[in-house]
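Okay, structure first, notes after.
Laboratory data are not the source of any read-out in this text; all were calculated from the coordinates shown. Just so we're clear, the structure is a prediction, and the values are computed from it rather than from any experiment. Glycine gets a Cβ as well: all are built from the backbone with ideal geometry, and neighbour counts include every protein chain shown.
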Amino acid sequence: MAQTCGDCGSAVTAGDAFCGQCGKPVNSAAANAAHQDGPLMPPPPRADSEPLVQARPSWPAAPAMGQAGPRASVGAAQARVLPAPDYAANEAESVAYDAASQVPVTEIEMAGRGNFDPLHNRWLSQQILRQAVIFIGLYALAVLVSSIFFLLIGLSGGVSAATSAVTDWVRFCALLSIVMAVLFWLMPVPALLSQRSKLIGNEADAAELVFRHVAAAFGRHQTPLDVLREKTLHPPGEGRRDYLELRRGHFTGYISCFAHGRDLYVGWTYWIKMSPLRWMLMRVGRRLQELSGRGSDIYQTLRFESARATVAALQSAVLEGTASATADLKRQSVGFAGPVNVSGLDID
């Protein structure tokens, strides 16, 4: 049975739902009546209906050690970014969760100048000067004590013994000066670059798990490191304490974690470790680079971007490992682990 569109009058065939000319619904009288009364409106939601829950997207798991990861463009498209937490001071931190592996993926944005150049770092210069003063003081003390010792030996044996004692004292001082000079020029000097810490309330039981999860985080992200190991130190007044040490070139990081009452303290520090001899050779090499046109501030800033990337990776691994450890302790998903924390201070 032939029909006509009630809006434009065009002929439509039987069974057509919409007019081929104007697109209005013409399949039934109810549709024509609805068109005459007003535009079609979607039916209101039922009061007793369940709220619509969007399915969480499933991203591929992070590659294991030795496997190639996804391309940067694909990874950027897969990251579902959540708002940064309130405690982010100098780094804008946002967290995305890998639904397949239930592992948090942290995005760390390094802000501030953060001078990692050893030749322009005032902390390293001060530490080298401090070490020079210490070695000079030790040498002067050794010379004074040895002079008294050899003087007593010379006086007890007469003139010939005194002459021999003076000769031996001169030889001792010369040998001591050589040994002290070698130690001064070759002994690495540490200088603090940055540090950060936080206190997580009522999570002291997770202290033993943090190092394992932080090391696993470094492995998942395949962070390029020269050394990653646990190390025991004895800070004055703190007793025996375990740290997770990482090294990359002249830079060293220490991650500390321990129970502080019922709370969990997690912190890390980042250092330059360089001997005065290496520092001096770098200064000479910098002069040669300036002659070749590669000694400007642009080149010297860009050459230490890997060190800044290591700091960001360290911060990411600590956040990820801490969240994983607390979630592992609670036997729940990392996506729902949100302990209260208090940020520490950053020192550049």
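Identify the trypsin sites (Lys or Arg not before Pro) of the range 235-264 meeting these criteria: DSSP loop state and at most 14 other C-beta atoms within 10 Å of the C-beta. Taking the range 235-264 and a limit of 14 other Cβ atoms within 10 Å, the loop trypsin sites (Lys or Arg not before Pro) found are ARG240, ARG262. Count Lys and Arg as plus one, Asp and Glu as minus one, and take only other residues whose Cβ is under 14 Å from that of GLU208; the net charge is then -3. Other residues lying with their Cβ under 12 Å from the Cβ of HIS234 contribute a combined charge of +1, Lys and Arg counting +1, Asp and Glu -1.
Size descriptors for the range 156-250: radius of gyration and Dmax over Cα atoms are 24.7, 76 Å. Taking the range 263-295, which trypsin sites (Lys or Arg not before Pro) meet the DSSP loop condition and have no more than 15 other C-beta atoms within 10 Å? Answer in residue order: ARG294. The ARG262 and ARG241 beta-carbon pair, evaluated with R₀ = 22 Å, returns a calculated FRET efficiency of approximately 0.70. Backbone N atoms of the range 165-183 closer than 15 Å to the 7 Å Cα→Cβ label point of VAL143 belong to residues 169-181.
The local environment of MET280, defined by Cβ-Cβ distances under 14 Å, has a net charge of +4 under the rule Lys, Arg +1 and Asp, Glu -1. One chain, two ends: LEU281 and ILE134. Fully extended at 0.36 nm per residue, the span grows by 50.7 nm beyond their Cα-Cα distance.
Which residues among the range 294-316 fall inside the zone where the amide N is under 16 Å from a point 7 Å beyond the Cα of LEU119, along Cα→Cβ? Residues passing the 16 Å test: 294-305.
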